[in-house]
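Bear in mind that the values in this text are calculations on the coordinates, not laboratory data. Predicted model, so just to flag it, every value in this text is computed and none were measured. When we count neighbours, we look across all protein chains shown, and the Cβ atoms used for this are built from the backbone with ideal geometry, even at glycine.
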Amino acid sequence: MLDILHPKISNINKNNIDINLSEEKIKINIRGKNKEFFTKVGKILSIILPSETNTSSSNENYDVLWLSPDEWMIYFDENKNTNIFDQLYKDISTLNVGSITDISSQLICINIKGENIFELLSSGSPFNFEKFKNNVGSSTQTLVNHIDVILHHKSKNNVNLFVRRSFSEHLYEWLVDSSNFI
Amino acid sequence: MFLINCPFCGERDQSEFSSGGEAHIVRPKQPTELSDDEWAEYLFMRKNIKGIQFERWNHAHGCRKWFNVVRDTSNDKILSVYKMGEKPPVNYK
Amino acid sequence: MPNYRIHKTEYIDETKRVSFKYDGKTYFGCEGDTLASALLANGIHLVGRSFKYHRPRGIVSCGAEEPNAICQIGSKKDLTEPNVRATELELYEGLEASSQNCWPNVKFDIGGINNFISPLIPAGFYYKTFMWPKSFWKKVYEPLIRLSAGLGKSPTEPDPDIYDHKHVHYDVLVIGGGISGIIAAKMAAKNNLKTLLVDDKKILGGSTIYQNNEAIKIDDKLSSEWLKNEIQEINKLSNLTIKTRTSIAAYHGYNFLLAKENLTDHLPEEKKKNKIRQRLWKIRAKKVVIATGSIERPLVFNNNDRPGILLSNSINKYLDFYGVSCGENIILFTNNDSAYETSISLHKKGIKNLIVDLRKSASSELIKQAESLGIRIYFNHVVTNTFGYRKINSLEIMKLSEDGNTTVGNKIKLSCDCLGMSGGWTPMVHMHTQSGGKLNFRDDDQVFLPKENSEDQISVGSCNGDFDLENIIDKTVNKINKFLDIDNQDYQDTNIICSKENDKRNIWLLPNKIPLGKTKCFIDFQNDSTAKDIKLALKEGFRSIEHVKRYTTTGMATDQGKLSNMHALGIIADTAGVKMGTLGTTTFRPPFTPLTFGTLVGRNVGKFFEVVRKTSMHEWHVENNAEFENVGQWKRPWYYPKKGENMHDAVQRESKAARDSAGILDASTLGKIDIQGTDASEFLNRVYTNAWSKLAIGKCRYGLMLNEDGMVYDDGVTTRISENHYLMTTTTGGAANVLSKLEDYLQTEWPELDVYLTSVTDHYSTASICGPNSKKILNKLFPNLDLSDENFPHMSFKEDKLENINCRIMRISFTGEQSYEINIEAKYGHSLWKMCIEAGKEFNLTPYGTETMHLLRAEKGFIIVGQDTDGTMTPSDLQMDWIVSKKKFDFIGKRSLYRSDTVREDRKQLVGLLTDDPKEILEEGAQIVSDVKSKPIDMLGHVTSSYFSPNLNKSIALAVVRSGKTMKGQKLIIPMENKNINVTVSDTIFLDKENKRLNA
Ligand SMILES: [Zn+2]
């Protein structure tokens, strides 16, 4: 019987920091440059891909993060729309308008929330969170404890942290350890 | 530890970047037509300037984009950054 | 017990007695003391022996510049710490400290004999004496030096303390919480700038905070009172963060600074537990204000190092801040006004003192005050000698000649129990120079000053050479307004009264009737270098300050010459007859004060020492007793020992099972890159040595990737999923670098190509099943999949579902056996693995690790990039010419393949080796020769891979050997420590050359 095994990440709550595994999410990497690409993606997702550095756009279904001038990541709950990947792949990849890659298992989403989360992240990240923490919707890629992460400021003091699956347990343990010393 | 102004993401800590050596060394279009010496010139010969140097950097832990940097190696000041394919700023020679 | 605590101050709580041990004896101090002030309160000056001559030494200062009072804290094997300055260590209940560098004890020290043979130990003594004979080094000199030298003991067990790091970002960082730092911080914070103020002491205020002279007033208040008000005000500023007990360790470019915050060093043992001991702050500041103050200079005269000789201002601080008198009969020896403040303070507390002043005469408010109090002043006099072994008990002074070059008249002998010296002030320009700033020399008072050349940092206060209070405040306010581009009016109407110093006289090496060779005029107390040593170095031809420093070791001790550098420079300048400003200074390197390793490492210890990557199957491997190997950051199963098996047994069993029936390997760690775009095929043509355009959809191909220099860089199998969609695999260790290299080419050399690369390494988990029974196992898992060789041949790819989940199955082989790699979305990886194991039970499906994988592929002669290659091997060197396309116009590295050097016939080339004794296993890395007698021995190459093959029942090895391609059948020798091993060069493929097993 085939079943799912998530990384060993359990809920931790201390020093005004709440750390949770937030899986059951589809993540899709979207690449493209031309006008046709933007139009098609916009139509399929009913969302305009954010063009501004370190930002995101959201609607009731999807969150889209800017990753680079020709790269975005969308993520959403897996029970929301399961065939959106196939639709995107068909209209973008197959028609050579851009590139669509399923990275749902590539990245693990760890939700961290609470007043002290930016203190927590700052103990392992050189990123300047000054602006980021004042702007809900900010997104960024940076390093936390030497590990690549994508951060999305979902709502006030509530951040979705995406990290490669293989690093996720190590980073989680580090986050838990760090939250002892805020 | 430099602060590097990624042309796509803005100012970030040097630890997010990796360095790619001297900039504006174009890969020959027809390598097979080059003599050993000409190919070696492309392959091995690099300047090592005290002063203003043009370099390639990659925002490896960010947007993954490569870009160019003008850096004064005598004081490590980064004077300018510009995207791949863009012409180097003329005021630095 | 004597008590030198003579009055109450607000910084010492006399009601709270603190007991501590020093050199095994129990003493009491008070809350608020440093170890040094507590020792002085107990009348203890003698705290150590000097490094070279083992002379008795006492506390000299009250801060980071302390050269003598360095001690060993604690005695536990894991927590003891050497080289702690007693002047900086806050006293706590139960503190145990001992003096360093003296054996058997501080009062009777065997090394002290060096003092009497000291004429034999001039500068460069160690260099000169221990040069010859060479053989003496190891056996005689080194043990001797090691026995008598050394500063303290390192802990021998791991540090149990916790350390932490934190990144912070500020608009303005102010270094130093003295009067100018406080003003700067207040101005910045009040102007809406996010500001951080750091100070290494427990409380802010610098030297102003205990200032109590009536001649120095701000707004009609004592400057200390005024400053206390200011401190109260800045404590209320919400924009301002104040960190005390925090010192800047390093100032790097781009205003990146490291600060060490002491969090528990001042707490008693039981309160330190489970807390962070020290935190390293990684500070990025848009602007930095340096307000680090200045350090008082000693004076250089004969026997200036006896216990009881301190810096004059330190005597003042011990008195007015800690309430401790350093003696009962004190002499102050000075060349400037600041000793007069000390003198007046001592006088007010009823302590007998007098002043010896180098200057011919002097007038200022302070001097008038001292004169009116009846304090005896010897103008135009110099101290020529001091007496007293364990503590100073008297000294001699003489009159100075008109030019100051010699002494005149009669000696006057004065008794004393303490001598305060003040040779002027040295601005602490360390931070400025660490940041890359240059210095100017001011002849007037012989100081190096920051040369302002940066928009990002500025020096204010006495570290900028502004010494009197009026100057300090006015200039700080003006400079900060300009620097921060603000218009703060807070200090517009501040009324400052202070004494102005009008007279100066500086003599670096004070004159003496005794010949220099017979004097002990110390410059560097910690490293025991004297004026004589410096002069000797110059005489021997050293000129550069950097050379003199190293030859005499001046300024090279743990205090980095904070007290000695200026005098060394001054004496060099005087002797060489050059202007001091033209000499330059030695480089001030970080850290400003020593840091513990713990602080630098932070929490990256224990399980966080290295980042760890795990596959989805990791738990299963752990449960099944796998030993792990680190491959890059990955934890990969190395082998799975069964009960009683050692590594060799396990690997032999695994390897045999894989060829006899079936084996399974966790191949999830291989790098995987999703490649899409209309130019994907063309892109692969350019990055691999072979051709890709004609690869059919659903087929796989092995590719070799080179660097532009023609050397093998990476390898792996790439699968064509659809017309413009490929999946590339890379080596485990090379994954990140390959992706970055490919992105580099795409973005910079070939931006015209329509190709997108996305890493999917972690998205898929991969179970690789090989062996003659692999097909049967696959059939159990995928009953609907036609596994016939016609439908699903070697080097092809199928998609099928396991239950409802898509799997990508590649029939590719790294073992030479029939083999299938099943890729599934990683969240199902663990489950897939378990299903494979279950399905394989009846076929003895054996999990195997990286060691068996290496063995199996070596039997087949497959290379491992990074093991059999080292960045100097071309495809031809590896006997892989078959994979290099002759037709392709270009690919990365192509042109290099026919450079004159790459076509050399005598390059090192990959060969197989068979040992004459089939049981003999070669050591990887062993050298290969053809003749052991030739001198020097001609080294032909080395062994790259070596195993005992259970399937061939003999030892096999791969090696790189000069001209190896032409040597098949030749005998070679592997010389080992105790024997020579005879080998024969063979083909690289040891098993199934015809590839029959792939389709068996
Ligand atoms: Zn970037």
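By how many nm would the segment from C:His252 to C:Lys996 lengthen if fully extended, with 0.36 nm per residue of separation less the alpha-carbon distance?
On the way: separation 744, 0.36 × 744 = 267.84 nm, distance 6.30 nm.
Stretched out fully, the C:His252 to C:Lys996 stretch lengthens by 261.5 nm.
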Q | Neighbouring partner chain Cβ atoms per residue of C:605-612, average, 10 Å criterion | A | 4
(Q) Taking the 0 to 90 degree range and rounding to the nearest ten, how far is the long axis of helix C:647-660 tilted relative to the main principal axis of chain C, both from C-alpha atoms? (A) 30 degrees
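What ranking do C:His854, C:His252 get, fewest neighbouring Cβ atoms within 10 angstrom at the top?
Working: C:His854 20, C:His252 16.
Fewest-to-most ranking of C:His854, C:His252: C:His252, C:His854.
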Q: Using only Cα atoms, figure out Rg for the protein assembly as shown and give it as a multiple of 2.2 N^0.38 Å.
A: 1.11
Q) Based on the Cα gyration tensor of segment C:515-591, what are the three equivalent ellipsoid semi-axes, each the root of five times an eigenvalue, rounded to whole Å and given largest first? A) 18, 16, 10
Q) Could you give the radius of gyration (one decimal) and Dmax (whole number) of the Cα atoms in segment A:56-147, in Å? A) 15.7, 46
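Just rank A:Met73, B:Met84, fewest to most, by other beta-carbon atoms within 10 angstrom. Mind dumping the intermediate values first?
Numbers: A:Met73 22, B:Met84 16.
Result, fewest neighbours first: B:Met84, A:Met73.
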Q | Whole-number D in µm² s⁻¹ for segment A:122-174, Kirkwood Cα-pair radius fed into Stokes-Einstein, 4 °C, 1.567 mPa s | A | 114 µm²/s
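Where a ≥ b ≥ c are the square roots of the eigenvalues of the C-alpha gyration tensor, would you call segment C:858-999 rounded, which needs a/c under 1.5, or, failing that, prolate if a/b is larger than b/c, or oblate?
Details: a/c = 2.38, a/b = 1.28, b/c = 1.86.
Judged from the Cα gyration tensor, segment C:858-999 comes out oblate (a/c at least 1.5, b/c at or above a/b).
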Q. Per Stokes-Einstein, at 37 °C and 0.692 mPa s, what whole-number D in µm² s⁻¹ belongs to segment C:671-856, with the Kirkwood radius over Cα pairs as the hydrodynamic radius?
A. 189 µm²/s
Q: Take the Cβ-Cβ distance between C:Ser154 and C:Lys482 as r, set R0 to 45 Å, and report the resulting FRET efficiency rounded to the nearest 0.05.
A: 0.40
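Starting with the fewest neighbours, write out C:Asp33, C:Asp744, B:Asp37, A:Asp63 ranked by other beta-carbon atoms found within 10 Å of each beta-carbon. Present the calculation step by step, with values, prior to reporting the outcome.
Working: C:Asp33 26, C:Asp744 16, B:Asp37 7, A:Asp63 20.
Ordered from fewest to most neighbouring Cβ atoms within 10 Å, C:Asp33, C:Asp744, B:Asp37, A:Asp63 come out as B:Asp37, C:Asp744, A:Asp63, C:Asp33.
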(Q) Can you compute the FRET efficiency between C:Asn502 and C:Glu214 using 1/(1 + (r/R0)^6), with r the Cβ-Cβ distance and R0 = 25 Å? Round to the nearest 0.05. (A) 0.85
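Apply 1/(1 + (r/R0)^6) to the Cβ-Cβ distance of C:Glu233 and C:Thr582, taking R0 = 41 Å, and write down the FRET efficiency to the nearest 0.05. Mind showing how you got there, number by number?
On the way: r = 45 Å, r/R0 = 1.10.
So, using R0 = 41 Å, E works out to roughly 0.35.
When N is the residue count of chain A, what does its C-alpha Rg come to as a fraction of 2.2 N^0.38 Å?
Numbers: Rg = 16.6 Å, N = 182, 2.2 N^0.38 = 15.9 Å.
Normalised Cα radius of gyration, chain A: 1.04.
Once the piece of chain linking C:Lys475 and C:Trp882 is laid out straight, how much longer is it, given 0.36 nm per residue of separation minus the C-alpha distance between them?
On the way: separation 407, 0.36 × 407 = 146.52 nm, distance 7.72 nm.
Length difference between fully extended and current span is 138.8 nm.
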Q. With a Cα-only, solvent-free Debye model of segment C:875-953, what are the log10 I(q)/I(0) values at q = 0.16, 0.17 Å⁻¹?
A. -0.82, -0.87
Q: Cross-chain or 8 or more residues apart, Cα under 14 Å: how many lysine pairs in segment C:298-423 fit that? Count them up, please.
A: 4
Q: Evaluate the distance, in nm, between pseudo-label points positioned 7 Å from the Cα of C:Lys25 and of C:Asn953 along their respective Cα→Cβ axes.
A: 8.1 nm
Q. Taking each residue of A:156-167 in turn, how many C-beta atoms of other protein chains fall within 10 Å of its C-beta, and what is the average?
A. 3
Q) For helix A:165-179, what angle does its Cα long axis make with the longest principal axis of chain A, in degrees from 0 to 90 and rounded to 10? A) 30 degrees
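For n ≥ 4 DSSP H runs only, could you compute -39500 (n - 2.57) per run for chain C, divide by its residues and tell me the 222 nm figure to the nearest 500?
On the way: 24 runs with 206 residues, N = 1000.
Mean residue ellipticity, 222 nm, calculated: -5500 deg cm²/dmol.
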Q | Label-to-label distance, nm, for residues given as C:Thr241 and A:Asp77 (7 Å Cα→Cβ offset) | A | 3.7 nm
Q. For the Cα atoms of chain C, what angle does the longest principal axis make with the long axis of helix C:338-348, in degrees from 0 to 90, nearest 10?
A. 60 degrees
Q) Once you charge only the Cβ atoms, +1 for Lys and Arg and -1 for Asp and Glu, what is the size of the charge dipole of chain C about its Cα centre, to the nearest 20 debye? A) 2400 debye
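Rounded to the nearest angstrom and ordered from largest down, what semi-axes does the equivalent ellipsoid of chain C get from its C-alpha gyration tensor (root of 5λ)?
Semi-axes, largest first: 73, 33, 28 Å.
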Q: Taking the convex hull of the Cα atoms, report for segment C:425-566 its projected area averaged over all directions, in nm².
A: 11.3 nm²
Q | Evaluated at q = 0.19 Å⁻¹: base-10 log I(q)/I(0), Debye formula over Cα of segment C:151-303 | A | -1.16
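Using a ≥ b ≥ c from the Cα gyration tensor of segment C:568-688 (square roots of the eigenvalues), is it rounded, prolate or oblate, where a/c under 1.5 gives rounded and otherwise the larger of a/b and b/c decides, a/b for prolate? If you can, show how the numbers build up before the last one.
Values: a/c = 3.77, a/b = 2.08, b/c = 1.82.
Prolate shape, in that a/c is at least 1.5 and a/b is the bigger ratio.
Express the Stokes-Einstein translational diffusion coefficient of segment C:385-428 in µm² s⁻¹, to the nearest whole number, given a Kirkwood radius over alpha-carbon pairs, 10 °C and a viscosity of 1.306 mPa s. Present the calculation step by step, with values, prior to reporting the outcome.
Working: Rh = 12.5 Å.
Once the numbers are plugged in, D ends up at 127 µm²/s.
Restricting to Cα pairs below 8 Å that are 6+ residues apart, what does the relative contact order work out to for segment C:298-423? Please round to a whole percent. Before the final figure, lay out each step's value.
On the way: 275 pairs, mean separation 43.3, N = 126.
The normalised contact order for segment C:298-423 reaches 34 percent.
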Q: Quick one: pull the percentage of alpha-carbon pairs in chain B with a separation above 21 Å.
A: 38 percent
Q | Percentage relative contact order, chain C, counting C-alpha pairs under 8 Å, at least six apart | A | 9 percent
Q | Cα point-scatterer Debye curve for segment C:498-556, base-10 log of I(q)/I(0) at q = 0.15, 0.23, 0.27, 0.28 Å⁻¹ | A | -0.54, -0.94, -1.15, -1.19
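With a ≥ b ≥ c the root eigenvalues of the C-alpha gyration tensor of segment C:298-423, is it rounded (a/c under 1.5), prolate (a/b larger than b/c) or oblate?
Values: a/c = 1.83, a/b = 1.16, b/c = 1.58.
Oblate, because a/c is 1.5 or more while a/b does not exceed b/c.
Beta carbons within 10 angstrom, averaged per residue: use that to sort the peptides B:61-68, C:607-614, highest first.
Numbers: B:61-68: 22.9, C:607-614: 16.9.
Output ranking for B:61-68, C:607-614: B:61-68, C:607-614.
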Q) Once the piece of chain linking C:Glu627 and C:Phe387 is laid out straight, how much longer is it, given 0.36 nm per residue of separation minus the C-alpha distance between them? A) 79.5 nm
